[in-house]
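A short reminder: the numbers here are calculations on the coordinates, not readings from a lab. Not measured: the values here are computed from a predicted model. With ideal geometry, Cβ positions are generated from the backbone for all residues, glycine too; neighbour counts draw on all protein chains shown.
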Amino acid sequence: MNIALTAFTSRGAELAGRLTKGLTEDGHSCALWVPERLAPETGLPGYRRLGPWTGERFADSDALLFVGASGIAVRAIAPYVRDKFTDPAVVSVDEAGRFAVPLLSGHVGGANDLARLVARRTGGTAAVSTATDVNGRFAVDQWAREQGFFLDGREGAKRVSAALLAGISVGMESDFPIQGPLPQGVVEGPAEAGIALTLDPEKRPFPHTVRLIPPVLHLGIGCRRGTPAATIAKAVEGVFRSRHLSLKGVAAVCSIDLKKDEAGLLAFCQGLGLPLTTYSAGELSAVPGDFTPSPFVHGVTGVDNVCERAAVRRGGSLIVPKQAGEGVTVAVSQVPLTIRFSEKGD
């Protein structure tokens, strides 16, 4: 998590410095700023006004941690709050470290977990107030974030949470094997609201469905030199639509190293928010399995197939063999997944 911290007094800056060190040790990327007036004595980067600084951090950070009064944080973030599914996590902690308060995006953004981390570091208390946490209910949005699954269907997620809080069972349908018990209040079978663990973006087994899409697909791509990103995107989207697969399930885009500087392919990957993983012809040739051969491709690249071999080289079994059109070849592999819930469902 990319965390931006700020404090408003010398004492607060001291605590913020300790938290920066501790949270970095926990594996987070942290940066600490202070008001301009504190910069000389602390040696930290300073900002002139809190409002603009907060707006910038809303755009470039996963979380904001204010060391000081919660009211200051609330006023600072107020102009930038938009949506719990897209807002960063916001936590405030008093200068004594007694109470860490998640103010925004408790589940999806991870503010509740960040508050707990802060409280452990300060010896204080995380003042978590979200209804599912307070009532000990399964929180589908938080669980999805922890697993790295894409949550598709905001209204469905709200219906699921509301049903669980009301003591009404919600349904579960999974395209993947589930090991162990389901969370309390979640059952297999029909229900008004429910959860679908799937790669199908159109699946709707319940009147109010929230789809959780795991990133278990590896996308192998080959293309002619100079193929535009739009052409690659059209080819990929067509394949995924015909196979009822969500692009949100893609964990990696792969190709041969001859394509590592291919502008259109790099732009396509940027649009997905994923890097391009490439392999040498030797690495691809060494991948075991039956693949669709092409003498032309072998003559150009030194390997008989790029897209299928690249996808499988990244991991998993081939579920979509080579699909070709407009100078683009597409293949997809899928890694196995078993769903597990904790005993408490959290």
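The table for this structure:
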item	result
Binned Cα-Cα distance frequencies in the stretch 147-279 - 10 Å width, integer %	12, 35, 25, 17, 10, 1
Antiparallel content of DSSP bridges confined to the chain, in %, to 5	35
Enclosed volume per residue, in Å³, of the convex hull spanned by Cα atoms of the chain	163
Farthest positive-ward along the chain dipole, Cα basis, beta-carbon charges - from 333, 218, 38	38
Gained length - residue 78 relative to residue 242, 0.36 nm times residue gap less alpha-carbon distance	54.7 nm
Charge sum, other residues only, whose C-beta stays under 13 Å from residue 173's C-beta, Lys/Arg counted +1 and Asp/Glu -1	0
Under DSSP loop assignment and at most 16 Cβ neighbours within 10 Å, longest GluC sites (Glu not before Pro)-free interval of the chain	1-191
Bins of 5 Å from zero: percent of alpha-carbon pairs in the stretch 85-220	2, 10, 18, 20, 17, 13, 10, 6, 3, 1, 0
Extension gain (nm, one decimal) between residue 14 and residue 168, 0.36 nm per residue minus Cα-Cα	50.7 nm
Net charge contributed by nearby residues that have their C-beta within less than 14 Å of residue 251 (K/R +1, D/E -1)	+3
Net length gained if the chain between residue 267 and residue 21 were fully extended (0.36 nm per residue, minus Cα distance)	85.0 nm
For the chain, calculated [θ]222 nm from helices alone, where every DSSP H run of n ≥ 4 adds -39500 (n - 2.57)	-10000 deg cm²/dmol
Unit Cα scatterers, Debye sum, the stretch 215-341: log10 I(q)/I(0) for q = 0.11, 0.16, 0.20 Å⁻¹	-0.32, -0.69, -1.10
Summed residue charge, Cβ within 15 Å of residue 50's Cβ, Lys/Arg positive, Asp/Glu negative	+3
Paired Rg and Dmax values of the stretch 1-149, which use every Cα atom, in angstrom	14.6, 48
Anisotropy class of the stretch 1-81 from Cα gyration tensor, a/c 1.5 cut	oblate
The stretch 136-190: C-alpha gyration tensor shape, a/c 1.5 cut-off, then a/b vs b/c	rounded
